[in-house]
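Some notes on the structure that comes next.
The numbers here are math on the coordinates, done by the rules we state, and not lab data. All of these numbers come straight from a predicted model, not from anything done at the bench. Neighbour counts run over all protein chains shown; Cβ positions are idealised from the backbone, glycine included.
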Amino acid sequence: MPQKYRAVAQLRTADKFRDYCQQIGANLPIDETVLTAPDSPLAQPYRLGDVTIGNRWCILPMEGWDGTPDGKPSPNTIRRWRRFGISGAKLIWGGEAVAVRHDGRANPNQLMLTPDTVGDIAALREALVQAHAERFGSTDDLYIGLQLTHSGRFCRPNDKKRMEPQTLYRHPLLDPKFGIQDDSTLMSDDDIARLIEDFIRAAKLAQQAGFAWVDVKHCHGYLGHEFLSAIDRPGRYGGSFENRTRFLREIVAGIRAEVPGLGIGVRLSAFDWIPFKPGADQTGEPETYPNGYPYAFGGDGSGTGIDLSEPFRFLDLLAELDIPMVCLTAGSPYYNPHIQRPALFPPSDGYQPPEDPLVGCARQINAHATLKQHRPELLMVGTGYSYLQEWLPHVAQYAVRTQMIDFVGIGRMALSYPDLPADVLEGRPLQRKQFCRTFSDCTTAPRNGLLSGCYPLDEFYKESEEAKILAEIKQKL
């Protein structure tokens with residue numbers, strides 16, 4: 001562990017947490033007392049049109065690298081979704097990143113939504129609902145969507161170790177970083193038009209599978225997110241803001257025409273930074289780029305700053321398109337993970353954190369609050385909370401109580417401690433040994449072709465054969 005950063009587990013009192021946050025410049029206000037249902041702000045229902053969502057906890061989409069080669073869920077996938085069901089969260093944001101076609105998969109075991117898999121995907125959703133019903137009784141206030149994606153420059157559809165990228169423009173830093181040497185990966189406007197049809201077909205199948213809504217993914221460096229920075233792309237899908245959002249607008253128009261009644265949301269990387277690389281002592285440092293870095297949506301041109309002008313316009317567009325839901329995140333796990341997923345311990349292909357991870361949590365939480373202030377009528381899910389660990393409920397309650405955000409999303413924490421929302425709302429003692437301590441094994445494992453899971457804390461993964469292989473891999477790092 002880097003000695004210059006204190007572990008959150010050492011900050012055992014509210015005063016210690018506040019003092020340390022002030023010392024490092026992390027603006028993270030907290031509620032000292034965490035309330036239980038029905039009085040807790042986190043227990044309050046949210047009304048979305050005709051739908052009532054039962055509380056303010058959200059499970060974020062977690063890709064497990066554990067589907068079958070033909071895109072169906074495995075027993076491991078079903079186990080993970082059942083654990084989402086017992087979490088107590090009433091909003092399930094997409095459940096999992098599901099590819100709309102084979103060549104858009106991020107790995108050969110990613111779920112796909114096709115006529116051949118729709119029955120199995122429907123059964124996966126039903127497993128979550130059943131688990132929730134067994135634990136909590138009613139499922140009337142449970143709102144479940146499915147995240148639809150194409151992985152763009154990070155496609156690995158056939159081999160876990162071989163990228164088969166599809167890109168929108170020649171990126172001066174990401175192309176050499178990930179081995180792109182020519183124009184052969186560039187998608188044409190006709191390619192994009194065909195992909196839009198694939199998204200619409202997948203949305204139709206999602207409704208058939210019982211999902212109430214779909215997330216058209218625009219985050220983390222995948223294709224939807226890359227459209228937002230395609231300032232150099234000629235033609236209909238690049239250059240102006242109108243052109244860079246045409247992909248979303250055309251998918252939405254198709255869904256509205258062909259899949260009436262299906263809700264739509266967007267998971268958005270609300271700001272991005274320049275790619276980072278390991279520097280001195282393997283600590284992350286930004287790549288160099290002359291004369292300002294223009295390829296960060298929500299960036300200020302410096303490479304490591306934020307300008308929310310275009311994200312404001314994007315939220316305005318969502319309102320104009322009558323898309324009432326947005327899940328906010330930041331950056332990409334592939335090239336600047338510390339701003340998206342603050343962690344004390346980096347994954348195998350990462351770098352040591354260049355800042356205290358609490359600073360990264362505060363950056364996201366406060367940027368998301370600014371976006372909420374801009375469009376208060378939109379349902380907004382905030383992310384970046386898992387690193388807060390014992391203080392997650394305290395910060396989450398403050399954020400929802402003061403209307404900084406509507407829902408608090410948990411991702412990694414749902415792998416190690418899926419019962420956290422229920423324990424908080426029901427007033428049970430928190431299970432400190434289950435808190436995600438951001439060891440990043442859930443990322444290091446899939447980066448090396450293994451299943452994604454919580455190897456340090458989940459006995460199911462801790463006792464698996466993959467755990468032994470992962471331990472050997474980490475010894476060599």
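Quick notes on this structure:
- ³J(HN,Hα), Karplus 6.51/-1.76/1.60, whole Hz, each residue of segment 433-438, x for Gly, Pro: 6, 9, 5, 4, 9, 6
- Here's the list of aspartates and glutamates a cross-link from residue 468 could span, going by alpha-carbon distance under 16 Å and ignoring same-chain residues fewer than 8 apart: 441, 458, 459.
- Taken over the C-alpha atoms, the chain has Rg and Dmax values of 20.7, 59 angstrom.
- Applied to segment 410-417, the Karplus parametrisation 6.51 cos²θ - 1.76 cosθ + 1.60 on θ = phi - 60° returns per-residue 3J(HN,Hα) values of 10, x, 3, 4, 6, 7, 8, 9 Hz, with x for Gly and Pro.
- The aspartates and glutamates within cross-link reach of residue 4, meaning a Cα-to-Cα straight distance under 18 Å and a gap of 8 or more places when in the same chain, are 19, 281, 285, 355, 356.
- The Rg/Rh ratio of segment 397-477, with Rg taken over Cα atoms and Rh as the Kirkwood radius over Cα pairs, comes to 1.08.
- Computed [θ] at 222 nm, helices only, for the chain once each DSSP H run of length n ≥ 4 contributes -39500 (n - 2.57): -10500 deg cm²/dmol
- Highest to lowest packing among 160-167, 340-347, scored as the average C-beta count within 10 Å: 340-347, 160-167
- Note on segment 23-140: Kirkwood hydrodynamic radius from all Cα pairs is 16.2 Å, rounded to one decimal.
- Taking 222, 169 and counting other C-beta atoms within 10 Å, the order from fewest to most: 169, 222
- Packing around the peptides 107-120, 170-183, 273-286, taken as the average count of other Cβ atoms within 10 Å per residue, puts them in this order, highest first: 107-120, 273-286, 170-183.
- 10 Å Cβ shell holding at most 13 others, DSSP loop, GluC sites (Glu not before Pro): longest site-free stretch of the chain: 33-376
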